[in-house]
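Reviewing the structure listed below.
The values are calculated or read from the model by the stated rules, or taken from the named source; none is laboratory data. In this text the structure is predicted, and so the values were computed from the model without any measurement. When we count neighbours, we look across all protein chains shown, and the Cβ atoms used for this are built from the backbone with ideal geometry, even at glycine. Calculation scope for accessible area: heavy atoms of the full protein, side chains included, ligands and nucleic acids excluded. Shrake-Rupley method; radii C 1.70, N 1.55, O 1.52, S 1.80 Å.
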Amino acid sequence: MPLSLSDLSGPAEDMFSMEDFLAAEQAKELVRFSTAGSVDDGKSTLIGRLLYDSQNVYEDHVRAVTKAATANVAAAIDFAQLTDGLRAEREQGITIDVAYRYFSTTHRKFIIADTPGHEQYTRNMATGASTADVAIILVDARKGILTQSRRHAYIASLLGTRHIVAAVNKMDLVDYSHEVFAGLQRDLHQLAHKLHIADLQVIPISALLGDNVVDRGENMDWYEGPTLLEYLETVPLGQDVTGRPFRLPIQRVIRPDQDYRGFAGQIASGAVWPGDRVVALPSGKTSRVKSITTFDGDLARAVAPMSIAVTLEDELDISRGEMLAAAHQPPVVAANFSAALVWMDAQPLDAGKSYLLKHTSQTVKARITAIRHRVNMQTLDAEPAATLELNSIGVVNVETTRPLFLDPYAANRLTGSFILIDPVSHATVAAGMVREVLGGVQDAATVAAIAIRNPERLRTLETALIEAGVQVVTTRTANRDLWQKLLQIGVVVLIEAEGQADFPAEISIAHDPAALVFEPLQEPTIDMVLRALNRSNP
């Protein structure tokens, strides 16, 4: 007899709702994590086991990677092939490219970056770990901490990954020995202390058999900590980029008609509201946000990492590669800085060569002016070096042809990171993380054009500014377009104004690169000029 609607158990509102399901998934906190470690430590097998035991693999996919049973060998799932998708990876049994997988549990949703362990693919590991909230570094219980394990741990610490899991794998091959695990745990904590890793969780696992991956198992009853999935579901992230200073690298200027000029890009950090005062870099011109526009309409608030277009109350000349930032918390404008560098090219670093440096939405020419040191991967100590070779990590000084808008990498991942590109092959040769700004710091508010009639005073001011680390250009030209271009790249312009009547006083100053309106300095002394530039006389 056919069923009627009245025969269905439960009220209609208890039936599955796709809208409610999608809303619940959207509300879950997203955790990005990467795997790292040496060759054959079991990274792909671990991810495959994690996906399988958490019921995030389709049945047909499981059948595709299940080895057929023979007379002597029972059928078994090759968990590594759940993530190793390239033909070369399947043939060689290694990971080459970064494999990204999504899965979710009742508590959180996750994006996994399964990265390769071979030394020649270190660049892929750095790529996968660059956006991770948590890094899982596998250690083979039989082999201990290897050079590649140290290198990956060092890269994870450089990239600012705050939470590190050391998964001691293949415990089944050492008979689940507590003594073996305790020795490795001690060595791993010593390594974490040396790398200044504040949060390290060491977990003994067997990726092949599933112990302590999702389920606890019965073979390591001496271990009282969380399983890997329990840790991932409960680790506090605490990385709210919306609470940091507002940064919007400009990717495009939208001008559909004469009534609208929007500056579009992805918010790197912070939040913005209509009415907020922002500074345009490198010009240093300030304005207020008039509106925030997206595809779905105007917003009352936008936060990182949203893609938006903002309009300003004033007409400002802003182009791709420039930046809008919080006026009260601007980034440093500088052309000289030190950075940690991971070298990714087969050709060694050439200190005399000009490279292309891509930072946020702009690309400039750059060169390495000094190699401070290279990191010895065996001892993790700094050692002198004349160059950096493939997979080497070092600290260098960088000089660019145009000032960049920088934050230290520790404070802002996006505005504190960059890549170096070979100008001939266009290959990415290095990834860099800004450490500190060197000489040549140029705060946007201190850029100005200064006209001085007395040549002796001009030379004295020029010397004082150079000693204060300010980038200065002295010129006799009356070309205002040239002055504006120099100001826009963050240079103080000193104008030799002897015999010129175009300026109102003995020493005249213009702070606004767009208008270039010169005003007399009330007390025309060198100290007053330096104070007007927010500089103290050295």
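Of note:
- Lone unmet requirement of (1) of a type outside the set (A, V, I, L, M); (2) modelled with pLDDT under 85; (3) under 24 Å from Pro305 (Cβ atoms) for Thr35: (2)
- Residue in the range 307-323 that is over 26 Å from the mean Cα position of the chain (by Cα), in a strand (DSSP E or B), modelled with pLDDT under 90 and within 29 Å of Val364 (Cα to Cα) present: no
- When Val241, Val279, Val303, Val272 are checked against the criterion of being hydrophobic (A, V, I, L, M, F, W, C), at pLDDT below 95 and under 30 Å from Ile47 (Cβ atoms), Val241 stands alone in meeting it.
- Total residues in the range 397-411, condition farther than 29 Å from Lys485 by Cβ and open to solvent by less than 30 Å² (accessible area, probe 1.4 Å): 1
- Residue in the range 29-69 that is nearest to Arg162 (Cα to Cα), counting only those that are of a type in the set (Val, Ile, Thr), in contact with a helix residue (DSSP H, G or I) (Cβ under 8 Å, 6 or more places away or on another chain) and assigned to a strand (DSSP E or B): Val31
- Scan the range 376-427 for residues that are closer than 28 Å to Gly321 by Cβ and either modelled with pLDDT under 90 or in a loop (DSSP other than H, G, I, E, B) (or both) and the total you get is 20.
- Considering the range 222-278, and only residues there that are hydroxyl-bearing (Ser, Thr, Tyr) and under 22 Å from Leu312 (Cα atoms), the residue that is surrounded by the fewest Cβ atoms within 10 Å (Cβ to Cβ) turns out to be Tyr260.
- Within the range 141-167, residues that are of a type in the set (Val, Ile, Thr) reach partners that are open to solvent by less than 10 Å² (accessible area, probe 1.4 Å) and in a loop (DSSP other than H, G, I, E, B) with beta carbons closer than 6 Å, at six or more positions or on different chains, in the pairs Thr161/Ala132.
- Every pair of residues 6+ apart whose Cβ atoms lie under 6 Å, when the first sits in the range 100-111 and is within 17 Å of Phe21 (Cα to Cα) while the second is surrounded by fewer than 16 Cβ atoms within 10 Å (Cβ to Cβ) and of a type in the set (Asp, Glu): Arg108/Glu29
- A count restricted to the range 474-510 and to residues that are part of a helix (DSSP H, G or I), open to solvent by 50 Å² or more (accessible area, probe 1.4 Å) and of a type in the set (A, V, I, L, M) stands at 1.
- Checking each residue in the range 158-201 for being open to solvent by less than 20 Å² (accessible area, probe 1.4 Å) and more than 30 Å from Val395 (Cβ to Cβ) picks out Val168, Asn169, Met171, Phe181, Gly183.
- Boolean, Ser287 is out of contact with any His (no Cβ under 9 Å at 6 or more places or on another chain), part of a loop (DSSP other than H, G, I, E, B) and crowded, with 18+ Cβ neighbours inside 10 Å: no
- Index of the failed condition, Asn212 passing every other in (1) modelled with pLDDT of 90 or more; (2) over 20 Å from the mean Cα position of the chain (by Cα); (3) polar (S, T, N, Q); (4) surrounded by fewer than 20 Cβ atoms within 10 Å (Cβ to Cβ): (4)
- Matching residues in the range 363-390 - criterion: being touching a helix residue (DSSP H, G or I) at 6+ places or on another chain (Cβ under 7 Å) and open to solvent by 60 Å² or more (accessible area, probe 1.4 Å): Gln378
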